[in-house]
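A.B. asks: Sharing a structure, written as structure tokens. Questions coming.
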Amino acid sequence: NAISVLENLDCLLELEFLDLSKNKIAILDEKQLPQSVNILNLRENPCIQVEGYRERVRARLPDLVRLDGQDVAESGGSDPLGMSGALDSAGLRAVAAEPEELLATEKGLGAYWRKGEMQSSVETAIKERIEAFHIEVLGDVEGFD
């Protein structure tokens, strides 16, 4: 492919999956990405080497689950609840589900059909972390009278 500029995509309000890999996009204008996108692939584009690329894309796309073939949660993102190392009252560390490798038939557009499943596993991991944090906080509060 020879796409070098992203333009006129911001009007695609229902777009959820966008694969522009193996193009020539050097400067990414993330404002052109519809905020509805939750799976984005820009691998093998010069723009992914620009400092702050991942952070800018994540800031623009609030529902982003996968970026360049990686789950957003595993790609070095911040832990908004600060719970990556939190221990519950039993001393067990809360851990996210192991990343699942997609089969060759599930890559590209095939991954789109699994987006609900991927989102569900992310939601489950978040719920488990919140529950562990809740138990930890309750354990701390029970000592106060």
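A.B. asks: Between Glu123 and Asn8, what's the calculated FRET efficiency when r is the beta-carbon distance and R0 is 30 Å? Round to 0.05. Walk me through the numbers on the way to the answer.
C.D. replies: Values: r = 32 Å, r/R0 = 1.08.
The calculated FRET efficiency here is 0.40.
A.B. asks: Okay, moving on. Given points 7 Å out from each Cα along the Cα-Cβ axis, report the Lys22 to Val50 separation in nanometres with one decimal.
C.D. replies: 2.3
A.B. asks: Excluding ligands, DNA and RNA, what is the solvent-accessible area per residue of the range 17-71 at a probe of 1.4 Å, expressed in Å²? Spell out each step's value before the answer.
C.D. replies: Working: 2770 Å² over 55 residues.
Accessible area per residue: 50 Å².
A.B. asks: Multiplying the sequence separation of His134 and Lys31 by 0.36 nm and subtracting their Cα-Cα distance, what value in nm do you get?
C.D. replies: On the way: separation 103, 0.36 × 103 = 37.08 nm, distance 3.70 nm.
Residue separation times 0.36 nm, minus the Cα-Cα distance, leaves 33.4 nm.
A.B. asks: Could you look at the range 17-71 and say what percent of its accessible area is carbon and sulfur, using a 1.4 Å probe and all protein chains? Mind showing how you got there, number by number?
C.D. replies: Values: 1290 of 2770 Å².
With neighbouring chains kept in place, the figure for the range 17-71 is 47 percent.
The values are calculated or read from the model by the stated rules, or taken from the named source; none is laboratory data. As the structure is a prediction and not an experimental result, all values here were calculated from the model. Cβ atoms come from the backbone with ideal geometry, glycine included; neighbour counts cover every protein chain shown. We work out accessible area using only protein heavy atoms, side chains counted, and drop any ligands, DNA or RNA first. Shrake-Rupley method; radii C 1.70, N 1.55, O 1.52, S 1.80 Å.
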